[in-house]
1. Got a sec? Charge dipole of the stretch 4-152, +1 on Cβ for Lys and Arg, -1 for Asp and Glu; which of G16, A125, F77 is way out at the positive end?
2. Note the angle between two axes, namely the Cα long axis of helix 26-39 and the longest principal axis of the Cα atoms of the chain, as a number of degrees from 0 to 90, rounded to the nearest 10.
3. Can you give the extra length, in nm with one decimal, that the chain gains between I46 and S120 once fully stretched, where that is 0.36 nm per residue apart less the Cα-Cα distance?
4. What order, most packed first, do the peptides 38-45, 129-136 have when packing is the mean number of other Cβ atoms within 10 Å of each residue?
5. Please work out, to two decimal places, the log10 of the ratio I(q)/I(0) at q = 0.18 Å⁻¹ from a Debye calculation in which every Cα of the chain carries one identical scatterer.
6. Of the peptides 97-105, 15-23, 74-82, how do they stack up when ordered by the mean number of other Cβ atoms within 10 Å, highest first?
7. Grab the DSSP H runs of the chain that are 4 residues or longer, score each as -39,500 (n - 2.57), total them, divide by all residues and round the 222 nm result to the nearest 500 deg cm²/dmol.
8. Below 8 Å between Cα atoms, with a sequence gap of 6+, how large is the relative contact order for the stretch 1-72 in percent?
Amino acid sequence: MYDVQITERPTLTLTGLHHRGPYPEMGSVYQKVAGIISAANLWPQIKGAVGVAWDNPDLVPAADLRSFAGLLVDEGFTAPDGLDTLLLPSGPHAELLYTGPYEGLRPVYQFLMGEWLPKSGRTRAAAPSYEVYLNDPTTTAPEDLQTLICAPLAS
């Protein structure tokens, strides 16, 4: 159904905000992060956007879902007041490139975790999955949005 690749991902350093609640609320959390980055004049140091998710929305109530609205920065970046830093570990990851609206991500995750992973012979690492947003939702049509889904695997 989808093409899944196993790759070695580097450690990623993110700055942003933790969130607890429905994943579709992440857009408003990103707006808060963007406001803080703009006020601190830090956009030249931002290298992209990464959304982190710890929980499966099929198993965890929406109000309890844990996530992080992150912006990719270099190691050693000093987060401005109001933002947190999160490190995502390096190592093997299952990667899947999805093109389409963010509302369509749930069945892609269901495929990756519910079909591909059990058949792959691999197991998940004790780290959250994350999404690397490859284009800007404010300037890209929903059907053209590209999201790289990265699921950490045990070595």
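All of the numbers you see were taken from the coordinates with simple rules; none came from a lab. Quick caveat: nothing in here was measured; it's all calculated off a predicted structure. Here Cβ is always computed from backbone atoms with ideal geometry, including for glycine, and neighbour counts include all displayed protein chains.
1. About the Cα centre, the residue reaching furthest to the positive side is A125.
2. 30 degrees
3. Gain in length upon complete extension: 23.2 nm.
4. Details: 38-45: 11.8, 129-136: 17.9.
The most tightly packed comes first, giving 129-136, 38-45.
5. Each listed q corresponds, in turn, to -1.17.
6. On the way: 97-105: 15.0, 15-23: 18.4, 74-82: 11.7.
The peptides rank, most packed first, as 15-23, 97-105, 74-82.
7. On the way: 3 runs with 25 residues, N = 155.
When only DSSP H runs of four or more count, the value is -4500 deg cm²/dmol.
8. Numbers: 89 pairs, mean separation 32.7, N = 72.
Relative contact order comes out at 45 percent.
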